[in-house]
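Notes to accompany the following structure.
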Amino acid sequence: MSWAESRVNAVARRATGDVLQRALHLDGVLLGLVALLSGLGVVILYSAFGGSIAAVQDHLVRLAVGAAGMIVAAQIPPWQLRRIAPWLFGLGVVLLVAVLVVGESGGGARRWLDLGVAGFQPSELMKLAVPIMVAWVIARSAMPVSTGRAAATLAIIALPVGLIGSQPDLGTAVLIGAAGAGVLFLGGIGWRLIAALIGLVAAAVPLLWQFGMQDYQRQRVLTFLDPTRDPLGAGYNIIQSQIAIGSGGIHGKGWLNGTQTHLEFIPERHTDFVFAVMAEEFGLVGVCALLVLYLLITLRGLWIAYQAQDNFSRLLAGGLSLTFFVYCFVNIGMVSGLLPVVGLPLPLISYGGSAMVTLLVGFGILMSIHTHRRMWSS
């Protein structure tokens, strides 16, 4: 085959790919970054599972389900999301109440509904329903947000956060609260109100400590302040995680060569603490590469928000992007000992099902906002 023929074929393949992306309403840049991060996650999980092909295959099946959900979400125009926002939020609240009444218990928490074929965690639905609802509320009036509308929006956010926190699931409650607060911040909430809210939260901390937190949650906070107070008990997880991260050095010990990982010192090494596996085997270089990927995805989401043609799409895209950033920040912070352990997986790296599917559906919504932006405006 001549050079000219090869060039023509390459151009034809690129054109076919562009047409397919437009037909499926996919954003090539975001899709490529998500695919790259997901591939890195498969590599890390293979080591975290000790070379188990079966576990990786199970993860790939869940990843495929999430990718299918992303493609489906990308086909839903933003105006359709805007139309169903209150109904989706209402359904989520009803399901959260149902969890408290008839939900499945496990590990000291009640978070799942038994659907017969599979379990369902309604809090995952609220990771999307809350930012969609808050964007809908704010976009219905002029911006910046008035004090009265901000107060009503905070009440909307507080309802699912309170229900999820009572399961108890502090990590998901914090993430959903951050998702709603991020959209509210983008809506132009005043700095005086922000300062007042910070003061209110600070004043409520003693009450939250005494009446709003479980014993194990208080223990996590105390362990965060001083992991050495119980090195073989509550502090064991974070101490071993920090040892693994530090032992990776600049270049790491090499893939499949992490001693803390393969001698099983790192707890939950395939879920919440998978970042420690990454840091031990790939070192500072690998950690920086991972952080760059997360930053690029966040920036792409914010660029999509910037290019959106209506307030609802702009707020929703920005809120989803900031939520993804918080997701990454909280997990890496807790594994590194910079934040208390709250039980959040590392996005697109940790082994999991419902959380990963929800995250990919959120990326599908971002792609829909970007590819439908010329079809409507507010």
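Consider only pairs whose beta carbons are under 7 Å apart and that are at least six residues apart or on different chains; among these, list those whose first residue lies in segment 294-312 and is in contact (Cβ under 8 Å) with a residue 60 or more places away in the chain and whose second residue is surrounded by fewer than 15 Cβ atoms within 10 Å (Cβ to Cβ) and of a type outside the set (A, V, I, L, M, F, W, C).
Correct list of pairs: Gln309/Ser377; Asp310/Ser377; Asp310/Ser378; Asn311/Ser378; Phe312/Ser378.
Quick check on Ser354: is it over 14 Å from the mean Cα position of the chain (by Cα), closer than 25 Å to Phe120 by Cβ and either of a type in the set (Ser, Thr, Tyr) or buried (at least 24 other Cβ atoms within 10 Å of the Cβ) (or both)?
When the stated conditions are applied, Ser354 does not pass them.
Which residue out of His270, His251 is modelled with pLDDT under 85, open to solvent by 40 Å² or more (accessible area, probe 1.4 Å), under 20 Å from Ile349 (Cβ atoms) and not in a helix (DSSP H, G or I)?
His270
Would you point out which residue out of Pro267, Pro168 is under 17 Å from Ile332 (Cβ atoms) and within 26 Å of the chain's Cα centre (by Cα)?
It is Pro267.
If Leu344 satisfies all but one of (1) touching a Leu at 6+ places or on another chain (Cβ under 7 Å); (2) at pLDDT 90 or above; (3) of a type in the set (A, V, I, L, M), what's the number of the condition it fails?
Here Leu344 clears every test but (2).
Only one residue in Ala317, Ala204, Ala279, Ala244 is more than 16 Å from Ala48 (Cβ to Cβ), touching a residue at least 12 places away in the same chain (Cβ under 8 Å), assigned to a helix (DSSP H, G or I) and of a type in the set (A, V, I, L, M, F, W, C), so which one is that?
Ala317
Out of Ile332, Ile349, I need the residue that is under 15 Å from Phe275 (Cα atoms) and assigned to a loop (DSSP other than H, G, I, E, B). Which one?
Ile349
Could you pull out the residue among Ala10, Ala35 that is modelled with pLDDT of 90 or more and on the phi < 0 side of the Ramachandran plot?
Ala35
Please determine whether any residue of segment 162-172 is free of Cβ contacts under 8 Å to residues at least 24 places away in the same chain and open to solvent by 40 Å² or more (accessible area, probe 1.4 Å).
Yes, segment 162-172 contains at least one residue that is free of Cβ contacts under 8 Å to residues at least 24 places away in the same chain and open to solvent by 40 Å² or more (accessible area, probe 1.4 Å).
Output the number of the condition that Leu295 fails; it satisfies all remaining conditions of (1) open to solvent by less than 30 Å² (accessible area, probe 1.4 Å); (2) under 30 Å from Gly246 (Cα atoms); (3) at pLDDT 95 or above.
Failed condition: (1).
Counting just the residues of segment 224-240 that are free of Cβ contacts under 8 Å to residues at least 12 places away in the same chain and in a helix (DSSP H, G or I), which one comes out nearest to Gly337 (Cα to Cα)?
Leu225
Right, Ala85: out of contact with any Cys (no Cβ under 9 Å at 6 or more places or on another chain), touching a residue at least 60 places away in the same chain (Cβ under 8 Å), small (Gly, Ala, Ser) and farther than 23 Å from Trp255 by Cα or not?
No.
Restricting segment 112-127 to residues that are closer than 19 Å to Gly352 by Cα and modelled with pLDDT under 75, which is surrounded by the most Cβ atoms within 10 Å (Cβ to Cβ)?
That would be Gly119.
When Gly258 is evaluated against the numbered criteria (1) in contact (Cβ under 8 Å) with a residue 60 or more places away in the chain; (2) among the small types (Gly, Ala, Ser); (3) within 17 Å of Ile332 (Cα to Cα), which criterion, by number, is the only one it fails?
(3)
I'd like the residue in segment 352-378 that is assigned to a loop (DSSP other than H, G, I, E, B) and of a type outside the set (A, V, I, L, M) and, out of all such residues, is modelled with the highest pLDDT.
His372
How many of the residues in segment 138-149 are surrounded by 22 or more Cβ atoms within 10 Å (Cβ to Cβ) and outside any loop (DSSP other than H, G, I, E, B)?
The total comes to 1.
Could you list, in sequence order, the residues of segment 188-226 that are in contact with a Ser or Thr (Cβ under 8 Å, 6 or more places away or on another chain) and either of a type in the set (D, E, K, R) or surrounded by 15 or more Cβ atoms within 10 Å (Cβ to Cβ) (or both)?
The one that is in contact with a Ser or Thr (Cβ under 8 Å, 6 or more places away or on another chain) and either of a type in the set (D, E, K, R) or surrounded by 15 or more Cβ atoms within 10 Å (Cβ to Cβ) (or both): Leu193.
Consider only pairs whose beta carbons are under 7 Å apart and that are at least six residues apart or on different chains; among these, list those whose first residue lies in segment 330-345 and is basic (Lys, Arg) and whose second residue is open to solvent by less than 30 Å² (accessible area, probe 1.4 Å).
none
Just the residues that are within 14 Å of Asn237 (Cβ to Cβ), part of a loop (DSSP other than H, G, I, E, B) and not charged (D, E, K, R), please, taken from segment 254-267.
Phe265, Ile266, Pro267
The values are calculated or read from the model by the stated rules, or taken from the named source; none is laboratory data. Because the structure is predicted, anything quoted here is derived from the model rather than measured. Reconstructed Cβ throughout: ideal geometry from the backbone, glycine too, with neighbour counts over all protein chains shown. With ligands, DNA and RNA removed, areas are computed over all heavy atoms of the protein, side chains included. Shrake-Rupley method; radii C 1.70, N 1.55, O 1.52, S 1.80 Å.
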